[in-house]
1. Do we have Ala91 as assigned to a helix (DSSP H, G or I), buried (at least 21 other Cβ atoms within 10 Å of the Cβ) and modelled with pLDDT of 65 or more here?
2. If you take the residues in segment 9-42 that are over 16 Å from Phe189 (Cα atoms) and buried (at least 16 other Cβ atoms within 10 Å of the Cβ), which one is modelled with the lowest pLDDT?
3. Please determine, by comparing only the residues of segment 43-59 that are of a type in the set (Gly, Ala, Ser) and more than 23 Å from Ala135 (Cα to Cα), which one is modelled with the highest pLDDT.
4. Among the residues of segment 49-66, write down those that are without any contact (Cβ under 8 Å) to a residue 40 or more places away in the chain and crowded, with 16+ Cβ neighbours inside 10 Å.
5. Being part of a loop (DSSP other than H, G, I, E, B) and among the aliphatic types (A, V, I, L, M) is the filter; apply it to segment 129-173 and report the residue that is modelled with the highest pLDDT.
Amino acid sequence: MAAISSIPARGWLALVSAIIFFALSITASEEISNVDESLLLSAGLASAALLWFVGTLSAEIRRREGADGTFAAVALGSGILVVAFAGLGAALRVVPSLGVSEDAALPNVGSAAFVEVANNELIHIGTFWRGSLMAAVALIMVRSAGPGRWYGGLSAVLAAASFLGGLSFVASPVVSAATAVGFASYIAFHFWVALGGVVLAALSRSLPGTRRAQDASR
C-alpha cells in the first residue's frame, strides 16, 4: 500500500491512460459487420487516452534527454500522428453503418469493403509513426542510467519490427514476412503502451520532487 500511495499524479496519469487505451483498443477492434457509431466512442476515448500517455512518456524522455529535447519532440509528434491516423481509421470504418442510399455512387457493401481496406492501409502506414515513437524512447532510455533501461531495449526491438513491417509496401520476396512482422508489431504496440504505463508509474516514484514530498510527509 505504501508503494501505491507514493505514486504521484503524473504516474497515475500514465498508468490509467495506458490501461484505458489498451482496454478500449480491444473493444474498437470489432469485426466490421458489428461496427456502428458506438465505435467512435471507444476509438475516441482510446485515442484520447493514448495522447495523454504519449504526453507523459515524452515528458519522461525530455527529463532524461536534457535541454535539447529533440527525441522528446519526435516521440510527441509521432504519438500525435499515431492518434490521428487511428482516429481517422475508426471514422472510416463507421461510414457504412450510417447507410448509403440506393442511388449513391457506391453500394453499401462496396463502400464497407472500401473503407475497411482504407482503414487497414492507415494501420499499415502508421507503422512508421509507431516505429518513430518507440525508436525515440529506445534511444534515450537505453543510454540513460537508472531504471527503465530494459523498457528502452524492448522499445528498440519493437521499433525495428515496425520499420521492417514497412517493407511490405514494396514488392519483394519478403513481402509476406514483412507483413507478418508489421502486424505483430502493431499488436505488440498495445501491450508496449500498457507496460509503459506501469514503467512510468514506477519511475515517477523515484523523481527528486516526489522524494522530497515523501520525506516532508514523514
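1. No, not satisfied.
2. Val35
3. Taking the candidates together, the pick is Gly44.
4. Ala49, Leu51, Trp52, Gly55, Ser58, Arg62
5. Taking the candidates together, the pick is Val142.
The values are calculated or read from the model by the stated rules, or taken from the named source; none is laboratory data. Here the structure is a predicted model, which is why all the values come from computation and not from measurement. Glycine also receives a Cβ, built like all others from the backbone with ideal geometry; neighbour counts cover every protein chain displayed.
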